[in-house]
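Notes follow once the structure below has been shown.
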Amino acid sequence: MKRLIKENLDLLLNDMERFPGYYVWIGTLIALIVLGNYALLMSLIYSLEIFEFSIKIPWGTMVSNYVFLVGSSTGLCIVSSLGLVFGLKRYEPIAKRGYFMALITIIFGMASIMLHLGHPERSPIYSALTPNLRSAMWWMGIVYPPYIASLAVCFWLLARQGLAKTARESVGLQSKIYGLMALEGLKAYLYRILPLERLEAKTYRLLPLEKMGLALDSDGADLRWARIIGALALISGLLAYTVESTLFAHAEARPFWYGALIPVDFFLGAALCGLAWIMAAGIITYKVKGEVIPARLRDLFYEMAQILALLLSVELPFIAYKMGHGLFEPAKGKTIMLLLKGPFSPAFWVFEIAIGIVLPIFILLYAARQKKMTGVLVASVMVLIGYFVKRYVFVVASQVYPVITKGLPSYLPAFMEVLLIIGIFGGLLLAFTLGEEYLPLKDEDKPVTL
Amino acid sequence: MKKAAEKIDRRKFLKIMAGTSAYAALGPVRPAGAQPYRFGKLADTTRCIGCKRCMSACKRWNKLKVERDELVSDRETHLSAQNWVVVNFRADTMNRTRRTYQHWACQHCIQPACAGACPVKAITKLPHGYVVVNEKKCIGCRYCYQSCPFKVPQFDFEKRVTRKCTLCFDRILINYSKPACVAACPAGALSFGYKHEMILEAKKRLYKVKSAKHILGLKEAGGTDMLTILTAKPEDLGLVVAPPKVVNQNLDKLRITAAGFMSASALAGMMYLYRTLTGNNSR
């Protein structure tokens with residue numbers, strides 16, 4: 001046993017010497033997670049109040065972060081569906097990474113909202129026992145589990161062959177783990193212990209699965225099933241995000257949230273975020289690994305950059321319309337003036353408009369024309385930062401009126417709140433890094449063809 | 001004489017018939033909103049002397065904590081998980097010399113928006129008029145606070161649930177006694193009784209008392225079971241102004257959800273269009 005530990009420790013130390021940057025990065029992320037956990041522990045020991053910078057604003061950064069991550073997940077699912085569900089072949093290389101990121105963003109987004117609840121353990125129990133069909137929040141609890149499940153299954157189906165390949169190529173424990181992840185040999189085992197053959201024959205007689213290439217042992221069945229599940233993920237994702245947006249849009253007592261424009265805003269934002277995440281994550285991965293981006297992926301990124309610029313230029317007049325329209329409503333006007341002229345104006349003008357929309361349009365168009373990958377990366381990251389701040393302003397500024405008339409003590413999130421958000425982002429990035437390292441997310445692994 | 005009484009001629013018959021049908025149609029004259037067994041609370045700010053006995057009685061009955069000097073000073077107090085009723089000294093912004101004590105608590109809306117927003121039905125409107133939070137069910141999401149037109153339900157950071165005024169439903173149903181705040185009021189500023197009686201009383205005082213200018217709760221948020229007689233309009237007194245209609249009604253929710261579905265389908269349609277237009281030709 002001692003020898004085994006020593007051997008493995010030597011291996012690890014050797015690895016650390018060879019790739020110090022990777023381990024520093026992982027260490028930093030783990031430190032961030034520890035910080036987040038510290039904040040969580042303090043909230044459990046003392047009170048949830050440490051996450052609130054004003055008792056009058058009960059929804060703060062954790063809710064805005066949740067909205068941001070869930071929007072990102074929906075956007076990633078939408079962009080990945082272009083290849084898998086809609087059959088655009090040039091979008092297929094990003095499908096695996098897209099679904100993986102959609103999965104981890106929704107999981108960490110859900111973690112963000114769960115930690116914000118007073119009693120998260122009661123919510124599944126009483127949602128089942130006493131459902132309130134009139135509440136958008138209840139519907140949210142209903143539509144998200146199928147979305148998460150279909151994302152997970154879809155990603156697994158796409159990655160299964162890669163996992164099986166790794167399992168065959170590696171040895172020892174690693175091979176076993178990958179084999180388990182790919183569920184290699186599970187079918188044979190189940191057939192040995194259960195009378196499944198008769199059931200399968202019966203199913204094939206009843207449903208034309210074999211003819212459609214959906215039988216379990218037919219060629220490319222994984223991919224066809226992934227396509228079906230991907231369609232389900234897209235539908236449930238759109239449904240779920242509709243409910244998510246109406247959660248805010250139903251709140252008539254919060255004038256800035258209320259209204260039928262909010263769902264449009266949310267879906268536009270989701271599409272922006274999805275494109276930006278895919279490009280940022282893809283380019284960063286290739287740059288960090290020091291690999292050359294394949295030509296067809298390069299072309300795809302430039303095309304996506306143009307689409308992102310187009311969507312941003314749609315977003316700009318939409319925001320102008322939303323703000324201008326709201327200024328004529330007395331209830332909304334005050335909140336909008338907070339953004340235009342008040343304490344939230346730096347967040348609005350600098351982050352939401354300049355960094356989030358206007359500058360990226362020019363950078364993206366320039367980068368797409370001059371074929372500069374760094375420009376695309378910078379612009380995507382800027383869009384993400386701008387969108388994160390936009391969601392913060394959307395959630396927090398709307399709650400100022402009508403209760404707080406004499407001004408808030410602070411418009412910035414509380415220290416502990418920031419620590420927790422840092423922890424959540426640390427977890428997200430760690431999951432992404434480990435996924436890139438150990439899961440077959442790479443695009444040219446196996447060109448997907450349907 | 002007897003004959004005349006028994007005799008019903010055509011004109012008299014028509015009169016009786018018209019009278020009966022009119023009575024059947026209009027019904028006995030009742031005050032608006034009268035419902036048997038629906039209770040209401042009336043707060044008269046023209047009579048309030050600012051002793052804050054209602055606050056301390058509420059804290060005693062509901063076992064709430066006393067925070068700092070809130071019961072002995074005229075410092076502005078906000079509703080909180082430990083303060084279900086507050087009394088604040090407010091000046092009318094139109095006339096700064098006219099200052100009154102404002103009694104402020106949950107308004108117990110006739111159609112409460114919080115009950116429609118709570119995902120687990122922890123908030124219910126009981127048939128007698130009380131809007132009550134079930135603290136054992138509450139998941140602590142604070143969505144009720146966001147949807148409340150008066151911004152009343154407050155989060156308790158220790159119990160991690162939302163708490164608010166219950167109109168002492170536990171006193172009334174068991175002991176047939178008034179809410180703690182009403183029982184404690186020494187100046188007769190608070191009264192409690194059947195809702196229609198309270199409305200009549202409020203209207204009478206509005207007519208009789210010179211400084212009474214407005215009854216809060218007749219129209220706000222579609223009507224509430226707590227009425228407050230104010231000396232000025234609520235916006236001039238710095239109170240939260242609710243729209244004069246039911247907030248968060250079901251039809252409106254459906255309308256907005258439909259907008260959400262439409263934008264989702266528009267997005268899917270655009271993706272399909274993008275696919276059809278650009279096709280699979282490699283660039």
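For the reader, a short list of remarks on this structure follows.
- Residues in segment A:310-333 that are touching a residue at least 60 places away in the same chain (Cβ under 8 Å) and either of a type in the set (Val, Ile, Thr) or buried (at least 17 other Cβ atoms within 10 Å of the Cβ) (or both): A:Leu312, A:Lys322, A:Gly326, A:Ala331, A:Lys332.
- In segment B:85-92 there is at least one residue matching the filter, namely being more than 25 Å from A:Pro120 (Cα to Cα), among the basic types (Lys, Arg) and assigned to a strand (DSSP E or B).
- Residues within segment B:223-272 that are among the β-branched types (Val, Ile, Thr) and within 11 Å of chain A (Cβ to nearest Cβ), tallied: 6
- Restricting attention to segment A:394-415, the residues being outside any loop (DSSP other than H, G, I, E, B) and surrounded by 20 or more Cβ atoms within 10 Å (Cβ to Cβ) number 4.
- Annotation for segment B:101-111: at least one member residue is within 14 Å of chain A (Cβ to nearest Cβ) and surrounded by fewer than 19 Cβ atoms within 10 Å (Cβ to Cβ).
- Segment A:77-135, subset surrounded by fewer than 18 Cβ atoms within 10 Å (Cβ to Cβ) and touching a Pro at 6+ places or on another chain (Cβ under 9 Å), residue farthest from B:Asn134 (Cα to Cα): A:Met114
- Of all residue pairs spaced 6 or more apart or on separate chains, none has beta-carbon atoms under 8 Å together with a first member in segment B:93-116 that is not assigned by TED's automatic domain parsing to the domain that holds B:Ala180 and a second member that is part of a loop (DSSP other than H, G, I, E, B).
- Residues within segment B:125-142 that are within 13 Å of B:Lys164 (Cβ to Cβ) and within 11 Å of another protein chain (Cβ to nearest Cβ), tallied: 4
- Which listed residue is within 19 Å of A:Ala379 (Cβ to Cβ), within 11 Å of chain B (Cβ to nearest Cβ) and part of a helix (DSSP H, G or I), from A:Ala280, A:Ala276, A:Ala271: A:Ala271
- Restricting attention to segment A:244-263 and to residues that are among the aliphatic types (A, V, I, L, M) and more than 7 Å from chain B (Cβ to nearest Cβ), the residue that is nearest to B:Gly116 (Cα to Cα) turns out to be A:Leu247.
- Number of the exception - A:Gly386 against (1) crowded, with 21+ Cβ neighbours inside 10 Å; (2) within 14 Å of chain B (Cβ to nearest Cβ): (2)
- Residue match in segment A:12-34 (condition: assigned to a helix (DSSP H, G or I), among the aromatic types (Phe, Trp, Tyr), away from every other protein chain (no Cβ under 14 Å) and touching an Asp or Glu at 6+ places or on another chain (Cβ under 9 Å)): yes
- Residue ID - nearest to the other protein chains (Cβ to nearest Cβ), chosen from residues in segment A:112-138 that are more than 28 Å from A:Leu41 (Cα to Cα) and of a type in the set (Gly, Ala, Ser): A:Ser135
- Pair list, Cβ under 6 Å, 6 or more apart: segment A:283-298 residue within 14 Å of A:Tyr22 (Cβ to Cβ), other residue surrounded by 15 or more Cβ atoms within 10 Å (Cβ to Cβ): A:Thr285/A:Glu436
- Of the residues making up segment B:150-163, not a single one is under 18 Å from the mean Cα position of the chain (by Cα), at the interface with chain A (Cβ under 7 Å from one of its Cβ atoms) and within 18 Å of A:Arg134 (Cβ to Cβ).
For every residue, the table says whether it meets (1) buried (at least 18 other Cβ atoms within 10 Å of the Cβ); (2) more than 14 Å from chain B (Cβ to nearest Cβ); (3) among the polar types (S, T, N, Q); (4) not in a helix (DSSP H, G or I).
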{"residue": "A:Met140", "(1), (2), (3), (4)": "yes, no, no, no"}
{"residue": "A:Ile148", "(1), (2), (3), (4)": "yes, yes, no, no"}
{"residue": "A:Ala164", "(1), (2), (3), (4)": "yes, yes, no, no"}
{"residue": "A:Ala167", "(1), (2), (3), (4)": "yes, yes, no, no"}
{"residue": "A:Leu180", "(1), (2), (3), (4)": "no, yes, no, no"}
{"residue": "A:Tyr189", "(1), (2), (3), (4)": "no, yes, no, no"}
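- Of all positions in segment A:429-436, none carries a residue that is in contact with a Pro (Cβ under 6 Å, 6 or more places away or on another chain), modelled with pLDDT of 90 or more and part of a helix (DSSP H, G or I).
- Flag for A:Ser54 being more than 8 Å from every other protein chain (Cβ to nearest Cβ), surrounded by fewer than 22 Cβ atoms within 10 Å (Cβ to Cβ) and among the polar types (S, T, N, Q): yes
Yes/no matrix, rows are residues, columns are (1) closer than 29 Å to A:Glu49 by Cα; (2) within 17 Å of the chain's Cα centre (by Cα):
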{"site": "A:Leu377", "(1), (2)": "no, no"}
{"site": "A:Met382", "(1), (2)": "no, yes"}
{"site": "A:Tyr392", "(1), (2)": "yes, yes"}
{"site": "A:Ala397", "(1), (2)": "yes, no"}
{"site": "A:Val403", "(1), (2)": "yes, no"}
{"site": "A:Pro409", "(1), (2)": "yes, no"}
{"site": "A:Val418", "(1), (2)": "yes, no"}
{"site": "A:Gly427", "(1), (2)": "yes, yes"}
{"site": "A:Leu441", "(1), (2)": "no, yes"}
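- Of all residues in segment A:201-243 being among the polar types (S, T, N, Q) and surrounded by 16 or more Cβ atoms within 10 Å (Cβ to Cβ), the one that is farthest from the other protein chains (Cβ to nearest Cβ): A:Ser236
- Cβ-Cβ under 7 Å pairs, at least 6 apart or on other chains, segment B:230-243 side closer than 11 Å to B:Gln102 by Cβ, far side among the polar types (S, T, N, Q) and at pLDDT 85 or above: B:Leu230/B:Thr45; B:Thr231/B:Thr45; B:Thr231/B:Thr46; B:Thr231/B:Thr100; B:Thr231/B:Ser211; B:Leu237/B:Gln102; B:Leu239/B:Gln102
- Long-range neighbours under 8 Å by Cβ, at least six apart or interchain, first residue in the same structural domain as A:Leu223 (by TED's automatic domain parsing) within segment A:156-178, second of a type in the set (Phe, Trp, Tyr): A:Leu157/A:Trp225; A:Leu158/A:Tyr99; A:Ala159/A:Phe100; A:Leu163/A:Tyr178; A:Ala164/A:Tyr178; A:Thr166/A:Tyr178; A:Ala167/A:Tyr178; A:Ser170/A:Tyr178
- Any hit, segment A:360-381, residues being in contact with an Asp or Glu (Cβ under 7 Å, 6 or more places away or on another chain) and closer than 16 Å to A:Ala270 by Cα: no
- Meets criteria (within 30 Å of A:Leu272 (Cβ to Cβ) and modelled with pLDDT of 90 or more) for A:Phe53: no
- Segment A:234-268 - residue that is among the hydrophobic types (A, V, I, L, M, F, W, C) and assigned to a loop (DSSP other than H, G, I, E, B) and, of those, nearest to the chain's Cα centre (by Cα): A:Trp257
The values are calculated or read from the model by the stated rules, or taken from the named source; none is laboratory data. Keep in mind the model is a prediction, meaning the values are calculated, not measured. All Cβ positions, glycine included, derive from the backbone under ideal geometry; neighbour counts span all protein chains shown.
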